[in-house]
1. Would you mind counting up the charge near Val122? Only other residues with Cβ under 14 Å from its Cβ, with Lys and Arg at +1 and Asp and Glu at -1.
2. Residue by residue through region 85-95, which ³J(HN,Hα) values in whole Hz follow from phi under the Karplus form 6.51 cos²θ - 1.76 cosθ + 1.60 (θ = phi - 60°), with glycine and proline marked x?
3. Can you give me the long-range amide H partners of Glu170? Hydrogens built in the peptide plane at 1.01 Å from N, cutoff under 5 Å, separation of 5 or more residues or another chain.
4. If you keep only loop residues by DSSP, which trypsin sites (Lys or Arg not before Pro) in region 91-171 have at most 15 other Cβ atoms within 10 Å of their Cβ?
5. Can you give me the distance in nm between label points at Glu179 and Asp95, each placed 7 Å from the Cα along the Cα-to-Cβ direction?
6. List the residues, sorted by chain then number, that are 5 or more residues from Thr164 or on another chain and whose placed amide H is less than 5 Å from its amide H.
7. Once you have the Cα-Cα distance between Thr133 and Ala108, take 0.36 nm times their residue separation minus that, and quote the gain in nm to one decimal.
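Here, each number is a calculation from the coordinates, and none is a lab measurement. Small disclaimer: the values here were computed from a predicted structure and weren't measured. FYI the Cβ positions are ideal-geometry reconstructions off the backbone, even for glycines, and counts take in every protein chain you see.
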Amino acid sequence: MKYRHILLVVLAVATTVLMGACARRQSAPVTTPQPAPPVTESDAVPQAPPAPRSSQAVVDDEPTSSPLVEDELAGRALEDLNRDSPLRPVFFSVDSFELDDEGRSVVAGNAEVLKQNPQWAVTIEGHCDERGTAEYNLALGERRAAAARTYMVSLGIAPARVKTASYGDEYPFEHAHSEDAWSRNRRAHFVVSGK
C-alpha cells in the first residue's frame, strides 16, 4: 500500500513535468543549429570554416549600391548570410599583414554593416597562400586577422563582437598554383558567427 502511494505520486509528478516540457517545446521558437565555433588563436588544430563564397563573389570588389539595413538581413540564417555575405574579404601583399588603403576601406565598410546589425558577432579568419611552412602560414594568418580586428575595433565595433582565427593555407579561395590565385588566398575573411 505504501509503495503504491509513492508510485502514484511519482507518476503524477512525472506526468506534470512531461506535460510542462511539451507545452514549452510547442511554444519555443524554431532555431537554426549553430556551426561549430572556428579555431581561435589559442587552439592548436584548425577546424573547417563555413564554405567560402564562390570565386565570382570574391572577385567582385564593387561596394553595395545601398546600405544593408537590419530588416533586410534579420531573418536570414547564419549559413545564408555567409553564403552571400555582405562582409567583404581584405587581401594582403606577400608576407604582409599590414592593411593598405583599400584594405582599410573594406574593413570600414564591414564595420558599417556591423553597426547596422548590432546583434551580429563576427570571426575574422586569417588565410595565406600555399607557399611557406604550415607554422609560418598559421602565424601570418593570425597576424592578418588581428590587424583587421584591431582596425575594426578602432572604428567603434565592440571587441567582444569580433573574434579571430587562423587557418594558414588550409582553405584557399583559389586552388590554382599561380600569382593570381595566391593573391586571392592571402586574405582576412569575415564570417558572421553569431546573431
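1. Working: positive: Arg88, Lys115, Arg149, Arg161, Lys163, Lys195; negative: Glu112, Glu125.
Summing Lys and Arg as +1 and Asp and Glu as -1 gives +4.
2. 6, x, 9, 9, x, 10, 9, 10, 6, 4, 6
3. Sorted by chain and number, the residues that satisfy this are Cys128.
4. Values: sites: Arg104, Lys115, Arg131, Arg143, Arg144, Arg149, Arg161, Lys163; in loops: Arg131.
When the trypsin sites (Lys or Arg not before Pro) of region 91-171 are filtered for loop state and at most 15 Cβ neighbours within 10 Å, Arg131 remain.
5. 1.6
6. Glu41, Ile124
7. Numbers: separation 25, 0.36 × 25 = 9.00 nm, distance 3.14 nm.
That works out to 5.9 nm of additional length.
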